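All remarks here apply to the structure that follows.
The values are calculated or read from the model by the stated rules, or taken from the named source; none is laboratory data. Quick caveat: nothing in here was measured; it's all calculated off a predicted structure. With ideal geometry, Cβ positions are generated from the backbone for all residues, glycine too; neighbour counts draw on all protein chains shown.
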Amino acid sequence: MLQAIIVDDEPNCSESLSTMLNRYCPEVEVSAICDSGVMALKEIPSRNPQLVFLDIEMPHMNGFELIEKLPAINFELIFTTSYDQYAIKAIKISALDYLLKPVDREELKKAVQKVLNRQRPSLSQQLEILLQELHQPARSISKIAIPTMEGLQMIALDTIISCASDSNYTKFHLKEKKTLIASRTLKEVEELLEGRSFVRVHHSYLVNINEINKYVKGTGGYLVMSDGTSIEVSRSRKEELMEKLKAKRPLNKG
C-alpha cells in the first residue's frame, strides 16, 4: 500500500482526486490532504509519504517552490496542473509525471501503475533538470531525462549526434558509437528539444546542427554527420535547415 499526500489549494480538486484514488487505485491510501505549500512543507517531512500528488498553481508558494524548500525528496512525485504549456514542457524535459485537470480516470490509473512498477533512486537529477529549465529558460539545459526500456537515462545534449524514428520509439545516435532506444516518438523528442541546437531534416530524422560536418547538394540533399553517417534531407525541410545553418556557422558544402 502506497501512502500518499495530495497538495492542492482547491478543495474540490483534492477531494475529487482522493475519491478517484479510493475507487480506482486501491493500492494507494491518502494519508493527508494539504491545501497549501506551507502546510505541505510541514506534513510531507513528518508523514514521510511514498507518493505526493502536487498541484503546480498555488498562491503564496507554488509546487515548484515547495520542491525547492523541502529538505529531501524521498518519495515519488506526480504533478497535477491545468494546461500550462511552459510548465508542462519543463516537466516533460525532466521526464517527471503529470496529470492534467480535470484528472482523467484512466490517466490516473496509468500514472499510479508506473509508480508501482518502477524502482529507482532519488529524483534529484530529474528535479535538477526541471528547476534549471524553469529558472533559466534562456540558457540551454545540458541534459534531458529520457525513458527507456531499462529505465530512465540522463543524456547530455552535446553527446547527441542524431535521432531516428523507429515506429513509436526513437533511436538516439550518440558520440563514441553509442546508441539508445527511447520510449518516445520522434515528434515528442523534437518538442522536447525545440529551441535547442536541433533541427528536423526528414520525417524520420532529427539532427544536432553542431554535429553536421557537410551538406551535399541535391533535391533535398543529404548531411554527413560527425560520426560519418549520411542523413537524407527532405525537400520540404531543406529551407529551414539552410536558415539554421547560416545562423550557426559556415558549413562545408559538396
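Counting just the residues of the range 137-174 that are charged (D, E, K, R) and closer than 24 Å to Arg118 by Cβ, which one comes out modelled with the lowest pLDDT?
Keep residues of the range 137-174 that are charged (D, E, K, R), which gives 139, 143, 150, 158, 166, 171.
Restricting the remaining residues to those that are closer than 24 Å to Arg118 by Cβ gives 143, 150, 166, 171.
Numbers: Lys143: 85, Glu150: 78, Asp166: 92, Lys171: 97.
The residue in question is Glu150.
On the basis of being assigned to a helix (DSSP H, G or I) and more than 15 Å from Gln126 (Cα to Cα), does Ala87 make the cut?
Numbers: assigned to a helix (DSSP H, G or I): yes; more than 15 Å from Gln126 (Cα to Cα): no.
Here the answer is no, as Ala87 does not meet what is asked.
Output the qualifying pairs, or none if there are none: Cβ atoms under 7 angstrom, residues six or more apart or on different chains, first residue in the range 230-254 and surrounded by 10 or more Cβ atoms within 10 Å (Cβ to Cβ), second residue in a helix (DSSP H, G or I) and modelled with pLDDT of 85 or more.
Val233/Leu241; Lys244/Ile209; Leu245/Ile209; Lys248/Ile209; Leu251/Leu245
Which count do you get for residues in the range 192-206 that are touching a helix residue (DSSP H, G or I) at 6+ places or on another chain (Cβ under 6 Å) and either under 21 Å from Val224 (Cβ atoms) or assigned by TED's automatic domain parsing to the domain that holds Leu96 (or both)?
Of all residues in the range 192-206, those touching a helix residue (DSSP H, G or I) at 6+ places or on another chain (Cβ under 6 Å) come to 192, 197, 199-201, 206.
Next cut, either under 21 Å from Val224 (Cβ atoms) or assigned by TED's automatic domain parsing to the domain that holds Leu96 (or both) only: 197, 199-201, 206.
Looking only at that region, the number is 5.
Give the residues of the range 51-74 that are in a loop (DSSP other than H, G, I, E, B) and over 17 Å from the mean Cα position of the chain (by Cα), sorted by residue number. Lay out the reasoning, then the answer.
Here is the first cut: in the range 51-74, the residues in a loop (DSSP other than H, G, I, E, B) are 56-62, 70-74.
If the condition is that a residue be in a loop (DSSP other than H, G, I, E, B) and over 17 Å from the mean Cα position of the chain (by Cα), then Glu57, Met58, Pro59, His60, Met61, Asn62, Leu70, Pro71, Ala72, Ile73, Asn74 are the ones that fit.
Here is a list of conditions, (1) closer than 23 Å to Ile129 by Cβ; (2) of a type in the set (A, V, I, L, M, F, W, C); (3) over 26 Å from the mean Cα position of the chain (by Cα), and Leu186 meets all of them except one; can you say which number that is?
(3)
From the residues in the range 52-91 that are hydroxyl-bearing (Ser, Thr, Tyr) and either buried (at least 17 other Cβ atoms within 10 Å of the Cβ) or out of contact with any Leu (no Cβ under 8 Å at 6 or more places or on another chain) (or both), which one is modelled with the highest pLDDT? First the steps, then the outcome.
The initial filter retains those residues of the range 52-91 that are hydroxyl-bearing (Ser, Thr, Tyr), namely 80-83, 86.
Going one step further and asking which of them are either buried (at least 17 other Cβ atoms within 10 Å of the Cβ) or out of contact with any Leu (no Cβ under 8 Å at 6 or more places or on another chain) (or both), we end up with 80-81, 86.
Numbers: Thr80: 95, Thr81: 91, Tyr86: 68.
Step by step, filter the range 52-91, then rank; the result is Thr80.
From the list Ser94, Ser46, Ser36, which one is outside the structural domain of Glu194 (by TED's automatic domain parsing) and at pLDDT below 90?
Working: Ser46 fails: at pLDDT below 90; Ser36 fails: at pLDDT below 90.
Unique residue meeting the criteria: Ser94.
How about the range 140-184: which strands (runs of 3 or more DSSP E) wholly inside it have at least 1 residues that are in contact with a helix residue (DSSP H, G or I) (Cβ under 6 Å, 6 or more places away or on another chain), aliphatic (A, V, I, L, M) and under 20 Å from His203 (Cβ atoms)? I'd like the intermediate steps shown before the answer.
On the way: elements: 143-148, 151-156, 160-166, 169-174, 179-182.
Here the list reads 160-166.
Give just the number: which of (1) within 25 Å of Ile73 (Cα to Cα); (2) among the hydrophobic types (A, V, I, L, M, F, W, C); (3) crowded, with 18+ Cβ neighbours inside 10 Å; (4) not assigned by TED's automatic domain parsing to the domain that holds Ala72 does Leu152 not satisfy?
(3)
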